[in-house]
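The values are calculated or read from the model by the stated rules, or taken from the named source; none is laboratory data. This one's a predicted model, so the numbers in the text were calculated from it and none came from an experiment. Here the Cβ is made from the backbone with ideal geometry for all residues, glycine too, and neighbour counts use every protein chain on show.
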Ligand code: URA
């Protein structure tokens, strides 16, 4: 006879029939799945029932807590500067987009103002790049740190970008891998609980969510993005984390690069006081929110990018993790150009097409264990709002393996919409700000 408190089939039937799960049922489900008592096919069926029928606020909150409790919480309450002053922590999470290198200039920029940034990041899967893949293009840079190393670096430098350890919400690791192969990623309760279980377990005091909306994002329309943002902000707030979200446009890639080493170079341009206007705008908007969440207002964030203070922090952060700031970054062995097909103004440039093209060129991976090419990706020469002539270069494709050009070119040739000159694309980057309700 089973000694388990519940039966997985009853729980699946409850959700299938639009019922509500009790706190005890949810606690048991996450724990039993982590222990291997609930089989993968049973959890897949439950995920699909949740995707189709949803969960209410109390269910999502309990599901998130159960995932946090499957592992260990991190604790930064003892963090001090070398002079012994207590440090506040603040963090950012993006739901993922194309050319989204914002974490790279953002973490050192926020650290300039004395607030610690413990940024646990991931590797990329599919068309969105991973922050760790980008940083691993820097010779010598190391993603895996112990908790002691993290604390030491936060105290001395103020910012860390590193891999999440295996003990952070292990139930989510197992569940996310299953959702990935069962068509159940795009569920607002499951995305919200997955992201927030890791962020709450990480123990940050303040959190800013960059919820992407548009062709290159999980959420293709504003109503869904708004609901995801509201759900995550409420989860964070209920858990005592000072949380806000910005809804930001992901119809077009951020900046002019999608790849690994080329995104690092673009981030360094921003830290040197230059770089693309959209990357600078979003970096400043998110830094301002992260600092406000930690109680710091009335500071000139833009000045810290212009005057080299953020660059100094970046160099210290990279060096502390073994990275060689002076070493040249890897360059792809081969390149090829995609040309504009008409005269006129670019009114849209599909982020998904550019992201998938970069992925096909070798910048991303199809399976978790695949390597990525550090030099591969897409460099854009024009963005929405720019006027182009037929035959002008639109994008440069970069790869070590030129047999990949053809399938990337298929996408990039159709990525841009070119309208008669005079048409004006709608280009608002920050669409809305969501606070707890
Ligand atoms: N990122 C996560 O960590 N989880 C999701 O479910 C989706 C994106």
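General observations
- Residue 71, sole failed condition from (1) under 30 Å from residue 254 (Cα atoms); (2) buried (at least 21 other Cβ atoms within 10 Å of the Cβ); (3) within 16 Å of the ligand (Cβ to nearest atom): (1)
- Exclusive hit being in the same structural domain as residue 313 (by TED's automatic domain parsing) and surrounded by fewer than 23 Cβ atoms within 10 Å (Cβ to Cβ), set 142, 80: 142
- In the condition set (1) at pLDDT below 95; (2) under 18 Å from the mean Cα position of the chain (by Cα), residue 159 is compliant with all but (1).
- The lone criterion from (1) closer than 18 Å to residue 164 by Cβ; (2) assigned by TED's automatic domain parsing to the domain that holds residue 206 left unmet by residue 115 is number (1).
- Only residues that are more than 8 Å from the ligand (Cβ to nearest atom) and either under 19 Å from residue 243 (Cα atoms) or part of a helix (DSSP H, G or I) (or both) were counted across region 174-183, and they come to 5.
- Test: residue in region 161-180 that is in contact (Cβ under 8 Å) with a residue 12 or more places away in the chain, more than 25 Å from residue 79 (Cα to Cα) and in the same structural domain as residue 105 (by TED's automatic domain parsing): no
- Only one of 29, 64 that is over 24 Å from residue 237 (Cα atoms), outside the structural domain of residue 281 (by TED's automatic domain parsing) and touching a helix residue (DSSP H, G or I) at 6+ places or on another chain (Cβ under 8 Å): 29
- Qualifying residue in region 204-221 (condition: farther than 30 Å from residue 362 by Cβ, in contact (Cβ under 8 Å) with a residue 60 or more places away in the chain and more than 16 Å from the ligand (Cβ to nearest atom)): yes
- Residue within region 184-200 that is more than 11 Å from the ligand (Cβ to nearest atom) and crowded, with 22+ Cβ neighbours inside 10 Å present: yes
Per-residue answers, yes or no, for (1) surrounded by 22 or more Cβ atoms within 10 Å (Cβ to Cβ); (2) assigned to a helix (DSSP H, G or I); (3) at pLDDT 95 or above:
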{"position": "313", "(1), (2), (3)": "yes, yes, yes"}
{"position": "319", "(1), (2), (3)": "no, yes, yes"}
{"position": "329", "(1), (2), (3)": "no, no, yes"}
{"position": "332", "(1), (2), (3)": "yes, no, yes"}
{"position": "338", "(1), (2), (3)": "yes, no, yes"}
{"position": "354", "(1), (2), (3)": "yes, yes, yes"}
{"position": "361", "(1), (2), (3)": "yes, yes, yes"}
{"position": "366", "(1), (2), (3)": "no, no, no"}
{"position": "390", "(1), (2), (3)": "no, no, yes"}
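- Among the strands (runs of 3 or more DSSP E) confined to region 80-173, the ones with at least 3 residues that are farther than 20 Å from residue 373 by Cβ, in contact with a helix residue (DSSP H, G or I) (Cβ under 8 Å, 6 or more places away or on another chain) and more than 15 Å from the ligand (Cβ to nearest atom) are located at 159-163.
- Scanning region 289-311 for residues that are in a helix (DSSP H, G or I) and either modelled with pLDDT under 95 or surrounded by 18 or more Cβ atoms within 10 Å (Cβ to Cβ) (or both) yields a total of 9.
- Identity of the residue in region 84-129, out of contact with any strand residue (DSSP E or B) (no Cβ under 8 Å at 6 or more places or on another chain) and modelled with pLDDT of 95 or more, that ends up farthest from residue 245 (Cα to Cα): 84
- Unique residue being farther than 15 Å from residue 349 by Cα and in contact (Cβ under 8 Å) with a residue 40 or more places away in the chain when the list is 388, 372, 378: 372
- Candidates 406, 413, filtered to the one that is assigned by TED's automatic domain parsing to the domain that holds residue 352 and free of Cβ contacts under 8 Å to residues at least 40 places away in the same chain: 406
- Inclusion of residue 284 among residues that are buried (at least 23 other Cβ atoms within 10 Å of the Cβ) and either assigned to a helix (DSSP H, G or I) or more than 15 Å from the chain's Cα centre (by Cα) (or both) is not warranted.
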